[in-house]
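Some notes on the structure that comes next.
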Amino acid sequence: MPLLENGRPVEDTWRYAVEGEALGAGDVIVPLDRLSEGLGRSEGKLGVSLPNSEPVAVLKESLPKLSVVVVNFPIFRDGRAFTQARALREHLHFKGEIRAAGHILPDQYEFLIRCGVNTVEISGNADLAPWEKAQSQFKVAMQPSPVLDEAPTGFGLRRFLTTP
């Protein structure tokens, strides 16, 4: 599955843990119910896949040991993962990678970035052009993003967006 960062494909060095198999060496993303097992290993980095039904507070004690948190979109209409990403950045001050996975539309890409998401998993046969365009499509935001370093410009709360 391709991984996008700043609208461009990047190499994904992470692998997802397989149910019923040992975690092994290397960088691995575990489901939330196997997080304690992952915290006990010493080889490789650790990530967790957070169901969108769980509050981010369940990760509070583990966050210093995590390199990536995957927020999940089971359907594109379910926006709870946006809230999770923002809470990870704004309230829990997570500095690692936040990855969005699941059913995500290119139209949602700019909003993911504004919530603190670094990378997005897209389906293997997806056309990358709409994703690249989506990142630069919006030039003005009406609400400030507390997770981005935005300076006020223009009238009211408008922010002129810059592309990384």
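Computed from the coordinates by the stated procedures, all read-outs in this text should not be read as laboratory data. The model shown is predicted, which means the values in this text are computed figures rather than measured ones. With ideal geometry, Cβ positions are generated from the backbone for all residues, glycine too; neighbour counts draw on all protein chains shown.
For the range 54-67, enumerate the residues that are within 24 Å of Ala25 (Cα to Cα) and in contact (Cβ under 8 Å) with a residue 12 or more places away in the chain.
Going through the range 54-67, the residues within 24 Å of Ala25 (Cα to Cα) turn out to be 59, 61-67.
Across the range 54-67, the qualifying residues are Leu59, Ser62, Leu63, Lys65, Leu66, Ser67.
State yes or no: is Val70 within 18 Å of Thr119 (Cβ to Cβ), of a type in the set (Val, Ile, Thr) and touching a helix residue (DSSP H, G or I) at 6+ places or on another chain (Cβ under 8 Å)? Quick ask: steps written out before the conclusion?
Numbers: within 18 Å of Thr119 (Cβ to Cβ): yes; of a type in the set (Val, Ile, Thr): yes; touching a helix residue (DSSP H, G or I) at 6+ places or on another chain (Cβ under 8 Å): no.
Answer is no for this residue.
Can you pull out the residues in the range 45-67 that are over 14 Å from the mean Cα position of the chain (by Cα), surrounded by fewer than 16 Cβ atoms within 10 Å (Cβ to Cβ) and among the polar types (S, T, N, Q)?
Ser53
Please work out if Val28 is exposed (fewer than 14 other Cβ atoms within 10 Å of the Cβ) and either out of contact with any Phe, Trp or Tyr (no Cβ under 8 Å at 6 or more places or on another chain) or not charged (D, E, K, R) (or both). Steps first, answer last, please.
On the way: exposed (fewer than 14 other Cβ atoms within 10 Å of the Cβ): no; either out of contact with any Phe, Trp or Tyr (no Cβ under 8 Å at 6 or more places or on another chain) or not charged (D, E, K, R) (or both): yes.
For Val28, the condition - exposed (fewer than 14 other Cβ atoms within 10 Å of the Cβ) and either out of contact with any Phe, Trp or Tyr (no Cβ under 8 Å at 6 or more places or on another chain) or not charged (D, E, K, R) (or both) - is not met.
Which of the strands (runs of 3 or more DSSP E) found entirely inside the range 1-53 contain at least 2 residues meeting this: in contact (Cβ under 8 Å) with a residue 60 or more places away in the chain?
Counting at least 2 such residues, we get 3-5, 8-10.
Here are Ala17, Ala87, Ala101, Ala81: which of them is touching an Asp or Glu at 6+ places or on another chain (Cβ under 8 Å) and of a type outside the set (Phe, Trp, Tyr)?
Values: Ala17 fails: touching an Asp or Glu at 6+ places or on another chain (Cβ under 8 Å); Ala87 fails: touching an Asp or Glu at 6+ places or on another chain (Cβ under 8 Å); Ala81 fails: touching an Asp or Glu at 6+ places or on another chain (Cβ under 8 Å).
Selected residue: Ala101, the only one of Ala17, Ala87, Ala101, Ala81 that is touching an Asp or Glu at 6+ places or on another chain (Cβ under 8 Å) and of a type outside the set (Phe, Trp, Tyr).
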